[in-house]
Amino acid sequence: MAVYHGPRCRQCRREGVKLMLKGERCASEKCAVDRRPFPPGMRTTKRRRSATEYNNQLREKQKIRRIYGVLEKQFSLYFEIASRQSGVTGENLLRLLETRLDNVVYRLGFAPSRSSARQLVLHNHFTVNGKKVNIPSYRLKAGDSVVVKQKSANLALIHSSLKAMKETPDWLTVDKVKLAGQVVRVPERSSIPSDIQEQLVVELYSR
């Protein structure tokens, strides 16, 4: 599967907001969005284009895609699944993205960013319900447990990330001593960052 290997900060600058793709660096004075608050690329002006309805919808879709680190085809499949589920399509979409294994690992504090979490999952550092799972897109459900393997318990990245973690979402629980976490329930919309406007994505796909 294709993976984006370009500069992460370039993605944040393109969307004009901090997507927290590089963990603590995004909150430091080194953040590229703060240092260069204009889109990347060569141009004679540093002003952003005037926003149209379509552009706002497209940019919101790209922002969400980049936050969770999924490619276009994969995102479209998530939207298709969300539209078939009962309830609000936009909220269903966010729940599908939030319950990905790599995102849960990040939310539990085992990794400083989603890209780091994805790498840890791919390298077999976690078990789900006692079984080895190395698929970042693996979908978790209420009651599932995520545990750091015993052989990976001394990884400095995991411990430094847990130390820097400020809070855990209310739909997850984590034991920092046992290096284990659990999905208590499916996340409600109120537990997902409010700066995401999922309705714009629904409008985009409804065109």
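What follows draws every value from the coordinates through simple rules; no lab data is involved. What you are looking at is a predicted structure, and each value in this text was computed from that prediction instead of being measured. Here Cβ is always computed from backbone atoms with ideal geometry, including for glycine, and neighbour counts include all displayed protein chains.
A straight line joining the Cα centroids of segment 84-99 and segment 135-199 runs 19 Å. Students often get this wrong: which residues of segment 146-172 have the backbone nitrogen under 11 Å from the point 7 angstrom along Cα-to-C-beta of Gln119? Counting backbone N atoms under 11 Å from the label point, the list is 157. If R0 is 41 Å, the Cβ-Cβ spacing of Glu167 and Tyr205 corresponds to a FRET efficiency of close to 0.80.
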